[in-house]
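In what follows, a structure is listed as structure tokens, so that the remarks can point back to it.
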Amino acid sequence: MSTFDINLHELVYSLSDALDLVGVVQVHHGKRVAFMAAECGKQLGFSADELDGLFQAAILHDCGVSNTAVHARLAQFEWEQSQGHCDIGAALLRRTPPLAHLADVIQYHHTHWHQLREIELPAQTRRMANLIFLVDRVDVLSLKAQVNDANILLGVDAILEKIISKRGDWFDPELVDALIYIADSEAFWLSLEREHVDGYVSEWMQHEVARPISFEHVKSLVRIFSHIVDAKSPFTRDHSEGVARLARYLGGKLGLPEHSCDMLELAGLLHDIGKLRVPDEILEKPGRLNTVEFKTIQRHSFDTFSILKKVKGFDAIARWAGQHHERVDGGGYPYHTKKSLLSLEARIIAVADVFQALAQNRPYRQALSAAQVLALLQENVDAGKLDRHVVGLVEAELDTCWREATCMERAL
């Protein structure tokens, strides 16, 4: 397996843009929480390493949320079922070696202080988890305060009054005191505006440099986000994983070098990340999409490209993933790129995406058999949509392609 020269901060930040797509009314929530947590951490005397871990955990704290309905409920100050997304997020981080040390922070970031202080955890883990909970609730209150007035300063007193009412119960008193101290500055609240938060996060990214990271570690990070996408609807479970496995297999059979196959697998895992913007009801609609709904779906591949292009070293991955709905006759979207300008890798991703989608149950139809999938792929070839050579390989290796696409050990 190959290595990638990646700035870990940049990768986490860029992929966290995908989390913003889930919260329709809470864009940049993770980044604002990270900013406030870091400012409180500085006031509390956290070390540079502790601040770095706190920032990463804060920016990813909602990585267990895929569903816009769940995200909306988390925007309520109190919601009794908030623990579910904490458990999912922690499980994802435990499978991600570069971030596994933050799993307990994510696990307990909605646990009330009076309960958390009794749980056997390192003291700093408890503080980080409760600090993220504290500033997460501050952000929820700040958004509510701005519903009727854009000037957040007019809502500060009410926000702090609500937080102080939970001091010692929900929140560690020491953390509340640190927040109150820094909240005395108007600049703290005004810095929650998007352009200021973006600048703060950009500065944080610059503290890290690109380093060689193994493909397996990069893949473990990427899988956090492919899981979020696939978990958005019960009809897309394992879709990204199946596309990634099949694309890698086809790339290898077509003679691509190992590093290209690694990149194909990552592109497959990430190709639908832009779908996080698509409302759940559209993805799960049992009938034909109307014009408005289809136009909403159409932007997802462009959103995928827009997110991934920000990661230095992911240029080709961003391009291939963003082109997964392009067709060799130029009739695809969003660029209408023709075969002469489509790389082999992009054409492989397109075939793998269609194959895997046809092999899954969808709200408007049952999964098709391998033979039925192949017949439809060949119809697309005849219509000038999919690459003839790639589909020819699928036909020759149909059983294995089926196993890879459906993530099964044996062909059915």
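The values are calculated or read from the model by the stated rules, or taken from the named source; none is laboratory data. Remember, it's a predicted structure, so these values are computed and weren't measured experimentally. Note: ideal-geometry Cβ built from the backbone for every residue, glycine included; neighbour counts use all protein chains shown. Accessible surface areas use protein heavy atoms only, side chains included; no ligands, DNA or RNA. Shrake-Rupley method; radii C 1.70, N 1.55, O 1.52, S 1.80 Å.
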Suppose every Lys and Arg Cβ carries +1 and every Asp and Glu Cβ carries -1, with no other charges. What dipole size does the chain come out with about its Cα centre, to the nearest 20 debye? 1260
State the extension gain, in nm to one decimal, for the chain segment bounded by GLU397 and ALA367, taking 0.36 nm per residue of separation less the distance between their alpha-carbons. 8.8 nm
Radius of gyration, Dmax [the stretch 146-287; alpha carbons; angstrom]: 22.5, 64
Under 17 Å from LYS162, Cα to Cα: aspartates and glutamates that are on another chain or at least 8 residues apart: GLU78, ASP136, ASP139, ASP172, GLU174, ASP177, ASP184
Based on a Kirkwood Rh over C-alpha pairs, give the Stokes-Einstein translational diffusion coefficient of the stretch 83-177 at 37 °C and viscosity 0.692 mPa s in µm²/s. 230
Percent of Cα-Cα distances greater than 11 Å, calculated over the stretch 265-307: 66
How much length would be gained if the chain were fully extended between CYS407 and ASP157, taking 0.36 nm per residue of separation minus their Cα-Cα distance, in nm to one decimal? 84.7 nm
With every protein chain left in place and a probe of 1.4 Å, what is the accessible surface of HIS101, to the nearest 10 Å²? 130
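Once you have the Kirkwood Rh of the stretch 273-412 from its Cα pairs, apply Stokes-Einstein at 25 °C and 0.890 mPa s and quote D in µm²/s.
The diffusion coefficient I find is 154 µm²/s.
Using 1/(1 + (r/R0)^6) with R0 = 60 angstrom and r between the beta carbons of ALA123 and LYS295, what's the FRET efficiency to the nearest 0.05?
0.70
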How big is the gap, in Å, between the Cα center of the stretch 207-284 and the Cα center of the stretch 319-340? 18
The stretch 219-280: equivalent-ellipsoid semi-axes (sqrt of 5 x gyration tensor eigenvalues, Cα, Å): 24, 11, 8
Using helices alone, what [θ] at 222 nm do you get for the chain, with -39,500 (n - 2.57) per DSSP H run of 4 or more residues, divided over all residues and rounded to the nearest 500? -18000 deg cm²/dmol
Could you check which residue among ALA321, ALA357, ALA150 shows the biggest mean-square fluctuation in a GNM of the chain with a 10 Å Cα cutoff? ALA150
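Where only protein heavy atoms count, and the probe is 1.4 Å, what is the accessible area per residue for the stretch 293-336 in Å²?
Details: 1810 Å² over 44 residues.
Using a 1.4 Å probe on heavy atoms only, each residue of the stretch 293-336 averages 41 Å².
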Cα point-scatterer Debye curve for the stretch 342-412, base-10 log of I(q)/I(0) at q = 0.16, 0.17, 0.19, 0.22 Å⁻¹: -0.51, -0.58, -0.72, -0.95
How about LYS295: which lysines have a C-alpha closer than 28 Å to its C-alpha, ignoring those fewer than 8 places off in the same chain? LYS232, LYS275, LYS285, LYS309, LYS310, LYS338, LYS339, LYS385
Given Cβ charges of +1 for Lys and Arg and -1 for Asp and Glu, the option among TRP189, LEU175, PRO212 whose Cα lies farthest towards the positive end of the dipole of the stretch 145-215 is PRO212
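Which value does Rg/Rh take for the chain over its C-alpha atoms, Rh per Kirkwood?
Using Cα coordinates only, the ratio equals 1.01.
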If you rank SER16, SER369 by how much accessible surface each has, with a 1.4 Å probe, what is the order from largest down? SER369, SER16
Which sequence of ILE213, ILE106 reflects their accessible areas, 1.4 Å probe, from the largest down? ILE213, ILE106
Got a number for the accessible area of LEU276? Probe 1.4 Å, square angstrom, nearest 10. 0
Which percent of the accessible heavy-atom area of the stretch 190-334 goes to carbon and sulfur, probe 1.4 angstrom? 53
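Go through VAL328, VAL33 and list them by solvent-accessible area, largest first, probe radius 1.4 Å.
So, going from the largest accessible area down, we get VAL328, VAL33.
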Please turn the phi angles of the stretch 194-201 into ³J(HN,Hα) values with the Karplus equation 6.51 cos²θ - 1.76 cosθ + 1.60 (θ = phi - 60°), one per residue in order, whole Hz, x for glycine and proline. 3, 5, 6, 5, 4, x, 5, 5
Scanning the chain for GluC sites (Glu not before Pro) in DSSP loops with at most 16 other Cβ atoms within 10 Å, what's the longest stretch left with none? 285-396
